[in-house]
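Step one of this worksheet: look at the structure below.
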Protein chains: 4
Amino acid sequence: MSGFSDSVTSLHDLRTVVREFVDERDWRQFHSPKNLSMSVAIEAAELMEHFQWLRPEESHQISAEKIAEVADEMADVFCYLMAMANELDIDLSQAFERKMAKNRMKYPAVEFRGRFGIDDPKPVSE
Amino acid sequence: MSGFSDSVTSLHDLRTVVREFVDERDWRQFHSPKNLSMSVAIEAAELMEHFQWLRPEESHQISAEKIAEVADEMADVFCYLMAMANELDIDLSQAFERKMAKNRMKYPAVEFRGRFGIDDPKPVSE
Amino acid sequence: MSGFSDSVTSLHDLRTVVREFVDERDWRQFHSPKNLSMSVAIEAAELMEHFQWLRPEESHQISAEKIAEVADEMADVFCYLMAMANELDIDLSQAFERKMAKNRMKYPAVEFRGRFGIDDPKPVSE
Amino acid sequence: MSGFSDSVTSLHDLRTVVREFVDERDWRQFHSPKNLSMSVAIEAAELMEHFQWLRPEESHQISAEKIAEVADEMADVFCYLMAMANELDIDLSQAFERKMAKNRMKYPAVEFRGRFGIDDPKPVSE
């Protein structure tokens with residue numbers, strides 16, 4: 001264990017772990033961005049499966065055991081996202097910052113307060 | 001711009017941006033883990049759409065314009081992943097480290113060299 | 001309009017329409033089962049997007065306009081599913097019948113009454 | 001076995017099987033369109049998983065055993081699609097016919113011959 005934690009670890013450090021894992025197994029040959037985009041989507045569906053039959057409010061109150069399973073699936077999505085960032089040489093933090101700037105313009109806080117989802121808006125009650 | 005970059009920015013910093021964006025709009029009411037898992041999967045599909053009809057080798061050679069679009073979609077997936085980490089109070093770096101340790105046990109480098117995908121193994125040529 | 005309707009139209013008739021549409025455009029060259037599986041997943045995500053921020057009970061009460069949009073997305077998923085059945089020469093009705101027989105064995109009605117989802121079981125209240 | 005086959009079975013007959021299966025288990029309580037849209041997407045991802053690391057051309061030449069597994073996953077997608085059609089009272093054959101008419105207008109055969117995918121167009125080589 002190298003003691004990773006969200007409060008101190010950089011994305012660069014995490015991406016390096018992915019890169020080494022892939023290189024040690026000579027798996028870059030399978031890691032076309034096309035294939036990796038499928039991997040991200042497949043892992044996202046496995047993540048979603050944990051919540052499939054829960055009511056939204058139930059999904060806030062899952063057990064510690066279930067949380068651990070969900071965390072594993074989130075790690076899988078994240079891992080493939082970083083593998084793709086490695087292949088396409090994309091700085092994910094910069095991409096995130098740029099996209100959030102767009103989101104702030106698209107959804108001004110005053111106008112959208114309590115009224116929409118992050119990316120796919122939905123009026124609350126009308 | 002706060003000058004984010006993978007080499008220095010921590011996941012904590014990125015997660016704080018998501019949290020503030022969500023709180024300023026009072027959108028936590030929509031952010032059940034169930035709904036967020038759907039969001040991750042929907043954005044993952046939009047990411048995949050960029051590669052749908054490309055041959056795997058073509059997907060390595062996309063234009064700078066296309067790279068920017070792909071980076072936007074990756075940011076969306078990442079953003080919802082962090083929103084979910086915020087809701088469930090999951091340290092994504094730790095979850096990643098734990099999952100990678102499992103992956104190293106499941107796929108020893110010597111045995112799987114050149115032979116499998118990261119999570120869903122596939123013999124190369126037999 | 002050829003007057004299709006669920007009460008009389010066979011899957012063979014629908015599959016023929018897909019086949020002709022694809023052949024008239026010379027699109028079979030893009031229709032590898034791999035690509036078509038991506039298409040099914042992408043359209044499934046677009047279908048899901050219509051329900052992303054709705055509460056489950058709200059999703060029963062969508063407007064006629066929304067129903068028409070949802071029906072369009074369902075048609076897209078269905079269309080790619082048939083394109084894949086065409087490529088792999090799979091009889092979808094037979095596959096369905098075989099899978100339902102497995103489901104009946106896996107989920108005996110007496111035992112699972114009111115207790116599980118179709119494929120991914122979930123105890124209701126314990 | 002009731003001897004279903006694409007050449008003779010109507011969608012109505014298949015939908016009736018789904019309806020009875022669901023009613024016998026009292027599972028309609030879980031079958032909000034929202035939940036069913038998640039189910040369609042989850043099964044679509046499981047279908048895609050079979051092709052994740054294959055090259056497109058390899059995906060045409062899968063073994064009989066693999067075909068059977070793929071057929072099972074296609075049946076799952078199809079099953080949830082019909083469960084959703086049942087819940088929302090949508091005639092899938094009519095929806096398909098209407099959507100194909102739109103597709104024919106959007107992609108005239110003369111203009112798009114050999115040049116695009118079904119729904120998300122992509123110039124072949126320019």
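Taking all protein chains as present, what is the carbon and sulfur share of the accessible area of the range D:24-73, in % to the nearest whole number, probe 1.4 Å?
Answer for the range D:24-73: carbon and sulfur cover 44 percent of the accessible area.
Which whole-Hz couplings ³J(HN,Hα) result when phi for each residue of the range A:91-100 is put into the Karplus expression 6.51 cos²θ - 1.76 cosθ + 1.60, θ = phi - 60°, listed in order with x for Gly and Pro?
7, 5, 5, 5, 4, 4, 4, 5, 5, 5
Once you put a point 7 Å from the Cα of A:Arg19 and another 7 Å from the Cα of D:Glu65, both along the Cβ direction, what distance in nm separates them?
With each label placed 7 Å out from Cα toward Cβ, I get 3.9 nm.
If you count, for every residue in A:97-109, the Cβ atoms of partner chains within 10 Å of its Cβ, what is the mean?
4
At q = 0.17 Å⁻¹, what is the log10 ratio I(q)/I(0) for the range C:1-122, with the Debye formula run over Cα points and no solvent?
For the requested q values the scattering log ratios are -1.15.
Setting aside same-chain residues fewer than 8 positions from B:Lys34, which lysines have a Cα under 19 Å from its Cα?
Once the sequence-local lysines are set aside, what remains near B:Lys34 is A:Lys66, A:Lys122, C:Lys122, D:Lys34.
Can you give me the orientation-averaged projected area of the convex hull built on the Cα atoms of the protein assembly as shown, in nm²?
That works out to 23.5 nm².
How far is D:Glu65 from the same spot in each other copy, in nm, shortest first, if each label point sits 7 Å from Cα toward Cβ?
3.3, 4.8, 5.3
What number comes out for the charge environment of A:Ser10, summing +1 per Lys or Arg and -1 per Asp or Glu over other residues with Cβ under 12 Å away?
In short, -4.
Pick from A:Val110, A:Val22, A:Val77: which is most flexible by mean-square fluctuation in a GNM of chain A where alpha carbon atoms under 10 Å apart are linked?
Evaluated over chain A, the most mobile residue of the options is A:Val110.
Once all Cα-Cα distances of the range A:1-58 are split into 5 Å bins that start at 0, what whole-number percent is in each one?
For the range A:1-58, the pair-distance distribution reads 4, 13, 14, 17, 17, 18, 10, 5, 1.
Nearest the rotation axis from C to B, which residue of chain C has its beta carbon, and at what whole-angstrom distance?
C:Ala45, 2
Given a 1.4 angstrom probe, what's the average accessible area per residue across the range C:1-105, in square angstrom?
36
Cut-off under 12 Å on the C-alpha distance; same-chain residues fewer than 8 positions from D:Lys99 excluded. Which aspartates and glutamates are left, in chain and number order?
Once the sequence-local aspartates and glutamates are set aside, what remains near D:Lys99 is C:Glu69, C:Asp72, C:Glu73, C:Asp76, D:Asp119.
Per DSSP H run of n ≥ 4, the term is -39500 (n - 2.57); total these for the protein assembly as shown, divide by its residue number, and report the mean residue ellipticity at 222 nm rounded to 500 deg cm²/dmol.
-19500 deg cm²/dmol
Just grab the label-to-label distance for A:Arg104 and D:Gln29, each label 7 Å out from Cα along the Cβ direction, in nm (one decimal).
4.7
Once the Cβ-Cβ distance between C:Glu57 and D:Val8 is put in as r, and R0 is 25 Å, what FRET efficiency do you end up with, to the nearest 0.05?
Efficiency at R0 = 25 Å is approximately 0.05.
The values are calculated or read from the model by the stated rules, or taken from the named source; none is laboratory data. Given the structure is predicted, the values throughout are model-derived calculations rather than measurements. Note that each Cβ is placed from the backbone with ideal geometry, even for glycine, and that neighbours are counted across all protein chains shown. These accessible areas exclude ligands, DNA and RNA; they are computed on the full protein's heavy atoms, side chains included. Shrake-Rupley method; radii C 1.70, N 1.55, O 1.52, S 1.80 Å.
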